[in-house]
Amino acid sequence: MLRLVAYDIADSRRLRKVANLCKNYGVRIEYSVFECDLDEKLFSSFWEQLRKLIDAKKDRLIVYRICANCVGGIDSIGLICRPGKVLLYII
């Protein structure tokens, strides 16, 4: 399932760690927004790792699930390169 992961991290050290983790699981489409096409098991692992990195009192992290029917309705303008289906993740 495609997921849109967005974050606002208060500390630059945590920000780098979150960004690097997101790069391992998805494709950056904006500075703090990633598209991640993950099955439930892989997403659960990713989400747990994110939870351990952030400070819930200072940071914000949100994930939107995008159903298969809605993916075809995603529109963009400008220098946005949406990823295709990822065949292999190396973690």
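The values are calculated or read from the model by the stated rules, or taken from the named source; none is laboratory data. Being a predicted model, the structure only gives us computed values, none of them experimental. Note: ideal-geometry Cβ built from the backbone for every residue, glycine included; neighbour counts use all protein chains shown. Heavy atoms of the whole protein, side chains included, go into the accessibility calculation; ligands, DNA and RNA do not. Shrake-Rupley method; radii C 1.70, N 1.55, O 1.52, S 1.80 Å.
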If we scan the range 59-68, do we find a residue that is open to solvent by 60 Å² or more (accessible area, probe 1.4 Å) and modelled with pLDDT under 90?
yes
Considering each residue of the range 16-38, count those that are farther than 20 Å from ILE74 by Cα and surrounded by fewer than 18 Cβ atoms within 10 Å (Cβ to Cβ), and give that number.
6
Are any residues in the range 3-15 of a type outside the set (Ser, Thr, Tyr) and surrounded by fewer than 19 Cβ atoms within 10 Å (Cβ to Cβ), and if so, which ones?
ARG3, LEU4, ALA6, ASP8, ALA10, ASP11, ARG13, ARG14, LEU15
